[in-house]
Amino acid sequence: MKKRLSKIVLFILITGFITACNSLKRVGEHERLLVKNTIYVDSVRNTSEQIDNLLYQDPNKTMLGLPIRLYIYNLARPNIDSIIDAELNKSEKHRERLERFLSKKQLAQYIDNRKGFNNWLKTTGEAPTLLSEPRAIKSVKRLEDYFTNNGWFNVSADYNIIKKTKNKSEIEYHVNLGKPFKIDSLTSKISSPIVDTIYNKFKDRSIIKKGERYTTDNFEAERDRISTSLRNNGIYQFSQDYVLFQVDTVGTNKKVNVEVQIKDYELRKQDSSYRVPFKVYKIKDVNIYTDSKINNRNAAIQDSTTFNGYNLYSTDKLAFRPKALTDALFISPGRIYRDIDRTRTYNHLSGLKTFKYPDINYVENPDTTLTANIHLTPLKKFNLGFSTEVSTSNIQVIGFSLSPSLLARNIFRGAETLELSGFTSIGASDDAGDDRDVFFDINEIGADLKLTIPRLFFPFKTDSLIPKFMSPTTKISLSIASQKNVGLDKRSLTGNLNYNWKPKRNITQSVDLFSAQYVRNLNPDNYFNVYSTSYNTLNDIAQDIGYISSDEDLSIPDGTEAFITGVLGDDPPNDISDDDIQTVNNIEERKIRLTENNLIVSSAYTFIKDNRSSISDESFYIFRFRLESAGNLLALGSNLANSKKNDDDHYELFNVSYSQYIKTELDYTKHWDLGHSNILAFRSFFGIAIPYGNSDNIPFSKSFFAGGTNDNRAWTAYDLGPGSSQSNDDYNEANLKLALNLEHRFNVFEDLYGALFIDVGNIWNVLDNIDDDASTFDSFDSLKDIAIGTGFGLRYDFSFLVFRFDIGFKTYDPSYTNGERWFKDYNFGNAVYNVGINYPF
């Protein structure tokens, strides 16, 4: 009986799906489904999405060539209410029996659920696009208007309906452009003398240029440019409405003669108006209301002062040093009015993160001057934050963390922001169940202190090099952390002095003038418990040569240390091969490097150019350059002080051999908008860190790694490289990295997007103390060890974030021997499954 019921349900589902897949199911007998639009411009098929979007009706969207959303819509019943009523009232007592069987409440809920599901099918699906000739006629008119506005004044367009089947049709639009009209001359007619002077000063920047094709957008942009130029040169009352263009095309052989006309200022008095010449306005007074709120705008002023010509007022005692506020303003007493000064003042005051969005207004005075009133509403001086987290990982069975934070604004009365945050956690490791251990045997504790100053905190004046319109800021940070029973158990102390500024809208520059990091490993004897792959390799060698029996394991740390000492000593075991000795040597070198304490004192410069005009831009590029230098000042001091070197021929500070290196990174990302929600994204990255002087290698924290959700997605993080090595380490890293990524993103369905990608790259050792040929980049021949991963993924756009799932396949794996690298593990069993938030680049 159950099998028969299952077959019936399956048959109903298949029948319903097949019925829904009839795209004409909701198309009437005398209606036609629009299945395709094609636009031909001068007999050439159009491929521009911008022109396609001019049409008033589009065919139903498809996925893999099928109108899936139309099929979903067809599953809905158009008259669900009458269908349900007919079913319930098919006999006099049918509804009554159902109410007794289900109860009135359950029957009502059943009806609501059916209606709700039917509505969901309609809203999720897409109604059939029925061909409409009135809309086709409107589309023709819009096409003609578009090309007319772009210089083809003699354009003509028409449409042709092509029947494919009885109820399906296509529409072809044919546009004949003719010869475009071009700008031949540009003259001006300006009434106000001062406006004429300013216009002629900047007229060479005109967007309307002789010889270029006429476009309406250029005229709108030129009107905006003229208005902006005049308002930034003192013409306070000016607006775009005063700019007119007289266009003459009569008898000009498709040439356009343009005259720019700028009228005088229209002054209205009661029911009459008259025109007067524009005048240049200057700023007379600047009034700053430091604690202006909506509910206390009319409160009595209790405190006031004057500073550098600015007037500061407060309904309470002034909470800010005057210079801190006036330094953030670009509106200055005595200067001519400039509209850009108000915009820059808005941006700078908002960037202080001390006030709500400011209110700036001007009042005209009878003597052709302006009074600027700036109303500031301070945010709360203190903000207290508190967060908790429960987590689990391969290190701990369960962990609890607590993170309190305090934000203090205007801490030194100069609009500075001080952030103090702490972190503490406890956790239970896999060994916590042992009677010898307490359950919560893992703990971490740390604190961060960050001070942000809205100017360059420097002993010398820097205004001539970095003026305040570049929004310079200084950030001073200090952090301390300690962890126990996590890895090697570390204590770290980090400090940083950073300067940041924006010379242009799309350019950011920053300098880490001083950055110091000290890391002390408290439990280096735990190394082989953390780096288990290295331990297993060491243990296998010991078993293979009979150093220990096959059912024994090297003890940690005594057994591993004794074995390494014996292998690398003057009298190694007789049965060990040279390759195994080299492997043990590599393990020991890496162990020494990762267990030694680190002291890094560095400076860095970062340059970022991002040409996006808004976050919605789909065609853009981002270029990032970073240069970091470490240890040079310490090395100079050691030389001047004639300090002694240790046994490794290195200088030490606080009994730690400090790092000395130079590191650079180049990162370039480019996106192309291909139209119809198709994006081609490309990223390239090159990084190299070269040790010298007091260092033979790069600290682990400053090295490069490959693989992971934002890199080569066919390998997990730290799993790829270096070079063609067999990845015997748990965390593979090196000091040279090359990465290239290419991804095609496309819309699948509503907010669901797909992607096809290829990731190329690897890491290598270069110019350091690693002598493993497989891991070292010694010439361009080493590029044969570049790894290639390919794959596909899905993304769901939640508007505030993008959830990403990618599957990467090892297409070219350099860890295999030559001739066996292509498609060796190209299958789902060896694929890497990545989950991430937002796009990888």
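Please treat every number below as a calculation from the coordinates, not as lab data. The structure displayed is predicted, hence computed values, not measured ones. Using ideal geometry, Cβ is built from the backbone for each residue, glycine included, and neighbour counts are taken over all protein chains shown.
Subtracting the Cα-Cα distance from 0.36 nm times the residue separation, let me have the gained length for ALA481 to THR165 in nm, one decimal.
106.4 nm
With the Cα gyration tensor of segment 230-355 in hand, convert its eigenvalues to equivalent ellipsoid semi-axes via √(5λ) and list them largest first in whole Å.
43, 18, 13
Debye calculation, C-alpha points only, no solvent: report log10 I(q)/I(0) for the chain at q = 0.05 Å⁻¹, in the same order as the q values.
For the chain at q = 0.05 Å⁻¹, log10 I(q)/I(0) is -0.49.
Counting each pair of different Cα atoms once, what's the Kirkwood radius of segment 644-696 in Å, rounded to one decimal?
Hydrodynamic radius (Kirkwood, Cα pairs) of segment 644-696 is 14.8 Å.
Which is farthest toward the positive dipole end of the chain among VAL567, LEU402, GLN57, measuring Cα position about the Cα centre, with Cβ charges +1 (Lys, Arg) and -1 (Asp, Glu)?
It is GLN57.
Check cross-link reach from LYS254 to the aspartates and glutamates: straight Cα distance under 17 Å, and skip same-chain residues fewer than eight apart.
Counting by Cα, and skipping residues close in sequence, LYS254 has these aspartates and glutamates nearby: ASP184, GLU212.
Long-range amide H contacts for GLY791: which residues qualify at under 5 Å (H placed 1.01 Å from N, peptide plane, sequence gap of 5 or more or a different chain)?
PHE757, PHE809
For the chain, what is the calculated [θ] at 222 nm in deg cm²/dmol (nearest 500), taking -39500 (n - 2.57) for each run of four or more DSSP H residues and dividing by its residue count?
It comes out at -7000 deg cm²/dmol, rounded to the nearest 500.
Which value in nm describes the separation of the simple spin-label points at PHE400 and TYR621, placed 7 Å from the Cα toward the beta carbon?
Here the modelled spin labels are 5.4 nm apart.
Apply the Karplus parameterisation 6.51 cos²θ - 1.76 cosθ + 1.60, with θ equal to phi minus 60°, to every residue of segment 568-581 and state each ³J(HN,Hα) to the nearest whole Hz, in sequence, with x for glycine and proline.
For segment 568-581, the Karplus-derived couplings read 8, x, 6, 10, x, x, 5, 8, 8, 8, 4, 5, 5, 4 Hz, x marking Gly and Pro.
Using θ = phi - 60° and the Karplus curve 6.51 cos²θ - 1.76 cosθ + 1.60, what whole-Hz ³J(HN,Hα) does each residue of segment 140-157 get, with Gly and Pro shown as x?
Using θ = phi - 60°, the values come out as 4, 4, 5, 4, 4, 4, 4, 6, 4, 5, 10, x, 9, 6, 9, 5, 9, 9 Hz.
Averaging over all projection directions, find the projected area of the Cα convex hull of segment 524-595 and quote it in nm² with one decimal place.
Taking the Cα atoms of segment 524-595, their convex hull projects to 4.4 nm² on average.
Go through segment 231-238 residue by residue and turn each phi into a ³J(HN,Hα) via Karplus (6.51, -1.76, 1.60, θ = phi - 60°); whole Hz please, and just put x for glycine and proline.
6, 8, 10, x, 7, 5, 7, 6
Along the positive direction of the dipole of the chain (beta-carbon charges: Lys, Arg +1; Asp, Glu -1; about the Cα centre), which of TYR337, TYR826, TYR310 reaches farthest?
TYR337
Residues of segment 226-248 with backbone nitrogen within less than 16 Å of a virtual label 7 Å along the Cα-to-Cβ line of ARG268, please, listed as ranges.
237-242, by backbone N distance to the label point.
What ranking of LYS104, LYS168 emerges when the number of other C-beta atoms within 10 Å of each C-beta is taken as an exposure proxy, fewest first?
LYS104, LYS168
Once amide H atoms are built 1.01 Å from N in the peptide plane, which residues 5 or more positions from LYS36, or in another chain, come under 5 Å H to H?
Long-range HN contacts for LYS36: ILE171.
Report the antiparallel proportion of the DSSP beta bridges in segment 282-375 as a percent, rounded to a multiple of 5.
Roughly 50 percent of the beta bridges in segment 282-375 run antiparallel, per DSSP.
At a Förster radius of 51 Å, what calculated FRET efficiency corresponds to the Cβ-Cβ distance of ASP303 and LEU742, to the nearest 0.05?
Rounded to the nearest 0.05, the efficiency is 0.25.
Given the Cα-Cα distance of ALA774 and ASN443 and 0.36 nm per residue of separation, how much length would full extension add, in nm?
This chain segment gains 115.2 nm when fully extended.
Return the FRET efficiency for the residue pair ARG413, LEU801: r is the Cβ-Cβ distance, R0 is 25 Å, and the value is rounded to the nearest 0.05.
0.05
Search the structure for amide H atoms under 5 Å from the amide H of ASN232, placed 1.01 Å from N in the peptide plane, and list their residues when 5 or more places away or on another chain.
Sorted by chain and number, the residues that satisfy this are ASP339.
Taking 7 Å along the Cα-to-C-beta vector as the label spot, tell me the GLN237-LYS450 distance in nanometres, rounded to one decimal.
4.9
Separation between the SER550 and ARG335 pseudo-spin-labels, each 7 Å from Cα along Cα→Cβ, expressed in nm?
Simple spin-label model gives 8.5 nm for this pair.
Straight-line reach from LYS255: which lysines fall under 16 Å, measuring Cα to Cα and dropping same-chain residues less than 8 apart?
LYS179, LYS182, LYS209, LYS210
What order do you get for ILE207, ILE162 when you list them from fewest to most C-beta neighbours inside 10 Å?
Fewest to most other Cβ atoms nearby, the residues stand as ILE162, ILE207.
For ASP158 and LYS284, FRET efficiency with R0 = 56 Å and r from the beta-carbon atoms, rounded to 0.05?
0.35
Using unit Cβ charges (K, R positive; D, E negative) and no other charged atoms, how large, in debye to the nearest 20, is the dipole of the chain about its Cα centre?
That gives the chain a dipole magnitude of about 6860 debye.
Report for segment 182-276 the percent antiparallel among DSSP-assigned beta bridges with both residues inside it, nearest 5.
Counting only bridges with both partners in segment 182-276, antiparallel ones make up about 60 percent.
Under a cut-off of 23 Å between alpha-carbon atoms, report the lysines in cross-link reach of LYS461, not counting same-chain residues fewer than 8 places apart.
Once the sequence-local lysines are set aside, what remains near LYS461 is LYS323, LYS475, LYS502, LYS504.
Would you mind working out the magnitude of the charge dipole of segment 182-276 relative to its Cα centre, with +1 at each Lys and Arg C-beta and -1 at each Asp and Glu C-beta, to the nearest 20 Debye?
In debye, rounded to 20, segment 182-276 gives about 220.
Suppose the chain between LEU465 and VAL363 were pulled fully straight at 0.36 nm per residue; how much longer would it get relative to their current alpha carbon spacing?
33.3 nm
Take each of the peptides 523-532, 500-509, average the number of other beta-carbon atoms within 10 Å over its residues, and list them starting from the highest.
Top to bottom by mean Cβ count within 10 Å: 523-532, 500-509.
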